[in-house]
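The values are calculated or read from the model by the stated rules, or taken from the named source; none is laboratory data. Computed from a predicted structure; not experimentally measured. Using ideal geometry, Cβ is built from the backbone for each residue, glycine included, and neighbour counts are taken over all protein chains shown.
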């Protein structure tokens with residue numbers, strides 16, 4: 001609805017090109033890396049012979065935008081950029097339990 005309304009106001013064409021290949025987990029509580037893994041491969045795109053702009057309501061880590069761009073590119077669609085309404089505060093990845101990168105194991 002957001003993209004259709006923006007396109008109408010701008011006098012530009014609009015077409016829904018993306019669909020979900022899989023639902024993935026609920027993104028709430030996931031950090032940037034978790035969201036990237038969760039979104040990877042979750043979208044499919046239909047081919048389109050024109051350049052597009054991806055429209056999203058909120059950008060938290062950019063994982064959904066990156067997945068949309070990946071799916072569109074795989075379908076041969078040229079992505080010019082993205083437009084988002086809001087930029088959420090990014091949540092850092094939660095620390096791993098029982099592991100710290102500076103620790104080494106002697107086995």
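Data overview
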| read-out | value |
| --- | --- |
| Qualifying residue in the stretch 16-38 (condition: in contact with a helix residue (DSSP H, G or I) (Cβ under 7 Å, 6 or more places away or on another chain) and under 19 Å from residue 76 (Cβ atoms)) | yes |
| The stretch 1-14: number of residues that are assigned to a helix (DSSP H, G or I), under 20 Å from residue 44 (Cα atoms) and either touching a residue at least 24 places away in the same chain (Cβ under 8 Å) or in contact with a helix residue (DSSP H, G or I) (Cβ under 8 Å, 6 or more places away or on another chain) (or both) | 2 |
| Top-ranked residue in the stretch 15-38 [being under 18 Å from residue 80 (Cβ atoms), touching a strand residue (DSSP E or B) at 6+ places or on another chain (Cβ under 9 Å) and part of a loop (DSSP other than H, G, I, E, B); ranked as modelled with the highest pLDDT] | 17 |
| Hits in the stretch 39-55 - residues which are modelled with pLDDT of 90 or more, touching a helix residue (DSSP H, G or I) at 6+ places or on another chain (Cβ under 6 Å) and closer than 23 Å to residue 87 by Cβ | 43, 54, 55 |
| Flag for residue 68 being within 10 Å of the chain's Cα centre (by Cα) and at pLDDT 90 or above | yes |
| Residues (in a loop (DSSP other than H, G, I, E, B) and closer than 13 Å to residue 17 by Cα) located in the stretch 40-93 | 46, 47, 48, 49, 50, 51, 75, 76, 77, 78 |
